[in-house]
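I have placed the structure first, in the form of structure tokens, so that the comments after it can refer back to it.
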Amino acid sequence: MSPIPEATVAVWAPYDSDPCPSPGDVQFRDVVVFTRDGAGGNPLAVIEFGEVPANLWQRTAAAIGYSETVFVEPGDTAVVHIYTPGRRIPFAGHPLVGTAAVLGRHTTSIRYDVGTARVDHDADMTRITLTSDGDVRSAAPPEFGVAAWIVEMPLPYLVVEAADVDVVARLDAQAVAGLGEVYVWAWEVPDEVVRSRFFAPGVGVEEDAATGSAAVALARTRPEEEGRVVIHQGEEMGRPSQIQLAWSGTEVSIGGHVTDLGLGSVRLD
């Protein structure tokens, strides 16, 4: 799959073609992050800082309805404000990767509420690297798990290892009710490919198609000091996604393909 063309993302200009159709409409850059074989992935709305008053950011994110919407201040070090349909969150992975692809090579880092990520563009994907040093502690696994950890992201994620991919595939919202933000995974190919799902009803996302922050949390639970795996997520949602995960100690990188769908718009009633 081709990345977003460099000519498209080298200069931030998502609103230079058409004005908002009416005062009640908000335009956004519509991208899909962590696609696999040209399909699936996790949608993301990117809106330039100042296009929407800050007191309408949450309302805009809820109206768009994607798992995350980003309001971005472009620059060499860009600044992002990340919202789910239900609340602002301090960190999320797929918004950082998607925003980095939109902004292009002139942006070398992105600052979010609790840290800064380095941006790299490979030949066919966008990657961010960050330090994740929140607390990690073992937890009692739920009945569908064989091991579990709580990782501060800084939102507490319950990371659950399942016995196999069939267990992961059979899960539903009822099975994880009351567990908070929960990431369930199993080996699809031992030590190489992970199959995962992420549920976050507490922030307004019943299930997510590709979750970069949860991938970072997974890296923090691994016993190896260094490693890399491919993560498959989203099959059960009909949005097959792929994340490239690598880590060395607390330094973690996530990367993937990003597709630009052009401009979208939503009406704020």
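The values are calculated or read from the model by the stated rules, or taken from the named source; none is laboratory data. None of these values were measured; they are calculated from a predicted model. Every residue, glycine as well, gets a Cβ built from its backbone with ideal geometry; the counts of neighbours run over all protein chains shown. These area figures cover heavy atoms from the full protein model, side chains too; ligands, DNA and RNA do not enter into them. Shrake-Rupley method; radii C 1.70, N 1.55, O 1.52, S 1.80 Å.
Is it the case that segment 132-151 has a residue that's charged (D, E, K, R) and open to solvent by less than 50 Å² (accessible area, probe 1.4 Å)?
Among the residues of segment 132-151, not one is charged (D, E, K, R) and open to solvent by less than 50 Å² (accessible area, probe 1.4 Å), which makes the answer no.
I'd like the residue in segment 200-224 that is under 23 Å from residue 87 (Cβ atoms) and either in a loop (DSSP other than H, G, I, E, B) or acidic (Asp, Glu) (or both) and, out of all such residues, is nearest to the chain's Cα centre (by Cα).
211
Given the criteria open to solvent by less than 10 Å² (accessible area, probe 1.4 Å) and outside any strand (DSSP E or B), does residue 61 qualify?
Values: open to solvent by less than 10 Å² (accessible area, probe 1.4 Å): yes; outside any strand (DSSP E or B): yes.
It is true that residue 61 is open to solvent by less than 10 Å² (accessible area, probe 1.4 Å) and outside any strand (DSSP E or B).
Would you call residue 9 at pLDDT below 95 and surrounded by 21 or more Cβ atoms within 10 Å (Cβ to Cβ)? Spell out how you get there, then give the answer.
Details: at pLDDT below 95: yes; surrounded by 21 or more Cβ atoms within 10 Å (Cβ to Cβ): yes.
Against the criterion (at pLDDT below 95 and surrounded by 21 or more Cβ atoms within 10 Å (Cβ to Cβ)), residue 9 qualifies.
What strands (runs of 3 or more DSSP E) lie completely within segment 94-168 and have 1 or more residues being in contact (Cβ under 8 Å) with a residue 24 or more places away in the chain and of a type in the set (A, V, I, L, M, F, W, C)?
Details: elements: 109-112, 115-121, 126-131, 136-139, 147-152, 156-161.
Strands (runs of 3 or more DSSP E) meeting the threshold: 109-112, 126-131, 136-139, 147-152, 156-161.
Filter segment 163-181 down to the residues that are surrounded by 15 or more Cβ atoms within 10 Å (Cβ to Cβ) and under 21 Å from residue 40 (Cβ atoms) and list them by number.
Within segment 163-181, 165, 168, 171 qualify.
Regarding residue 197, is this residue in a strand (DSSP E or B), surrounded by fewer than 16 Cβ atoms within 10 Å (Cβ to Cβ) and out of contact with any His (no Cβ under 7 Å at 6 or more places or on another chain)?
Working: in a strand (DSSP E or B): yes; surrounded by fewer than 16 Cβ atoms within 10 Å (Cβ to Cβ): no; out of contact with any His (no Cβ under 7 Å at 6 or more places or on another chain): yes.
No.
Please find, within segment 225-251, the residue that is nearest to residue 70 (Cα to Cα) out of those that are buried (at least 21 other Cβ atoms within 10 Å of the Cβ) and over 14 Å from the mean Cα position of the chain (by Cα).
247
On the basis of being farther than 24 Å from residue 234 by Cβ, open to solvent by less than 10 Å² (accessible area, probe 1.4 Å), without any contact (Cβ under 8 Å) to a residue 40 or more places away in the chain and of a type in the set (A, V, I, L, M), does residue 70 make the cut? Give the steps one after another, and end with the answer.
On the way: farther than 24 Å from residue 234 by Cβ: no; open to solvent by less than 10 Å² (accessible area, probe 1.4 Å): yes; without any contact (Cβ under 8 Å) to a residue 40 or more places away in the chain: yes; of a type in the set (A, V, I, L, M): yes.
No: the conditions fail for residue 70.
Within segment 192-250, count every residue that is over 22 Å from residue 163 (Cβ atoms) and among the small types (Gly, Ala, Ser).
Matching residues across segment 192-250 total 12.
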